[in-house]
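What follows is a short report on a single structure.
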Amino acid sequence: MKTDVLPIDNPIRMHAAVQKAVALLDQGAVIALPTETVYGLAADAMNTDAVKSIYAIKGRPATNPLIVHVAGRSMLAGCVPSWPEVAERFLRAFWPGPLTLVLPKAAGISSQITAGLDSVALRWPLHPFMQRVIETLGRPVAAPSANLANQLSPTSAAQVLAQLKGRIPLIVDGGSASVGIESTVLDLCGEYPVVLRPGMIHLESLRAVDPNTTPRQATQGDGPGASAEAACKSPGLHQKHYAPSAPMRVIRWNASESLARFPARFHANAHKTCVLCHEHLPDPACFLRVSVIPSDPEAYARALYAELYACDRLHPELILVESVPDTHPWDGIRDRLYRASSA
Ligand code: TXA
Ligand code: MG
């Protein structure tokens with residue numbers, strides 16, 4: 001299959017790309033579209049065969065449900081029987097934007113999307129192109145991140161192309177994603193709001209809306225020790241996720257230390273090691289590549305996956321990442337680093 005890449009860098013191209021994307025979605029095709037978090041692998045949420053194709057293209061296990069993207073409240077109303085007052089407060093505070101709300105699903109949402117669960121994950125994206133596609137299609141769009149299962153989420157069209165060339169007919173190139181990591185997933189089906197996946201809308205901001213909001217227990221659904229029940233409640237939150245192909249380690253070092261000694265501890269050669277740092281810069285001459293990422297969480301998130309992709313392309317023996325602060329604004333980033341390094 002030939003994969004077209006369409007830019008949207010002026011209003012005429014934007015209009016043409018909306019028309020093309022909507023026509024393909026309407027025919028049941030699966031295509032890659034930009035969102036503000038990461039690129040999505042999109043299909044018409046009301047077309048069961050198209051939704052099934054998403055799983056086949058990604059190699060995604062059927063047990064991992066998809067996020068349904070809406071544009072506006074009337075579309076939300078078609079996806080859930082009703083929404084509680086707490087959901088209203090969250091959506092007023094953060095929609096459109098990088099927050100996904102898990103709510104009991106309406107009968108019209110297929111079990112293909114929800115992997116058989118009674119709940120559905122919903123997001124109203126902020127990206128203007130994605131909004132126009134959903135509005136023009138007039139139906140919600142199901143979309144996981146546009147990567148092959150267990151690989152890094154793409155934040156640029158080139159990263160999508162590298163993974164999905166020949167598997168989909170269209171990639172819409174909206175430039176670099178402005179948020180850079182996947183949305184915060186908040187479960188509103190229980191007694192309290194529970195953060196299933198941390199993201200750039202972090203616990204402090206969520207607690208300003210509902211002080212009862214709690215983080216997911218660290219062991220739920222994560223690797224060894226996870227109960228089957230916990231894994232079901234938080235499907236797709238397995239530990240081995242969001243990973244580059246090279247082994248990765250997150251460590252703390254300080255300026256006076258010779259970081260060049262570290263790779264040997266992990267059976268790697270320093271000259272075949274990539275380093276991602278934000279505070280303590282090692283001597284670049286010792287390593288295959290040293291990336292300096294800005295040390296504020298928003299800028300860090302925006303840069304992270306592009307840097308990991310760039311490292312991966314060099315086929316390093318090891319990627320060493322300087323640990324990030326232990327504060328809530330960094331929760332989403334710490335989560336992704338932890339998952340990538342435990343793969
Ligand atoms: O930012 C994002 O969320 C991106 C863009 C494309 O919107 N999408 C994304 O989708 O990251 P995906 O499929 O890679 O991650 C969706 C997450 C998974 O962890 C999945 O398990 C969870 O949402 N999820 C989906 N439906 C759920 C449900 N009913 N209950 C609990 N978790 C659910
Ligand atoms: Mg994903």
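The values are calculated or read from the model by the stated rules, or taken from the named source; none is laboratory data. Note that the structure is predicted; figures quoted are calculated from it, not measured. Here the Cβ positions follow ideal geometry from the backbone for every residue, glycine too, while neighbour counts run over all protein chains shown.
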- (1) within 22 Å of V86 (Cα to Cα); (2) touching a residue at least 40 places away in the same chain (Cβ under 8 Å); (3) not small (G, A, S): which one isn't true of K105, the others all being true? (2)
- Message: Looking for something within 16 Å of ligand 2 (Cβ to nearest atom), assigned to a helix (DSSP H, G or I), out of contact with any Ser or Thr (no Cβ under 6 Å at 6 or more places or on another chain) and within 28 Å of M14 (Cβ to Cβ) - is there at least one such residue anywhere in segment 87-95?
- Response: no
- Selection count, segment 88-136, where residues are of a type in the set (K, R), within 22 Å of V209 (Cβ to Cβ) and within 13 Å of ligand 1 (Cβ to nearest atom): 1
- Message: Cβ contacts < 6 Å: first residue over 13 Å from R139 (Cβ atoms), restricted to segment 44-72; second residue assigned to a strand (DSSP E or B), any location; separation 6+ or different chain. Result?
- Response: I54/L41; I54/A43; L66/A142; I67/T100; I67/A121; I67/R123
- Picking from P284, P316, P263, which residue would you name as being surrounded by 15 or more Cβ atoms within 10 Å (Cβ to Cβ), touching a strand residue (DSSP E or B) at 6+ places or on another chain (Cβ under 9 Å), at pLDDT below 95 and not assigned by TED's automatic domain parsing to the domain that holds Y39? P263
- When you go through P98, P65, P81, P61 one by one, which is the residue that is more than 16 Å from ligand 2 (Cβ to nearest atom), in the same structural domain as D187 (by TED's automatic domain parsing) and not small (G, A, S)? P81
- Residue list for segment 63-86, filter: in a helix (DSSP H, G or I) and not aliphatic (A, V, I, L, M): R73, S74, G78, C79, E85
- Message: So if I check each of V172, V185, V160, V120, which one is within 16 Å of ligand 2 (Cβ to nearest atom), in contact (Cβ under 8 Å) with a residue 12 or more places away in the chain and part of a strand (DSSP E or B)?
- Response: V185
- Among (1) of a type in the set (D, E, K, R); (2) at pLDDT 90 or above; (3) closer than 19 Å to Y338 by Cβ - the single one K240 does not satisfy: (2)
- Message: For segment 262-343, give me every one of the helices (runs of 4 or more DSSP H) that falls completely inside it and has 1 or more residues that are among the acidic types (D, E).
- Response: 297-313, 331-341
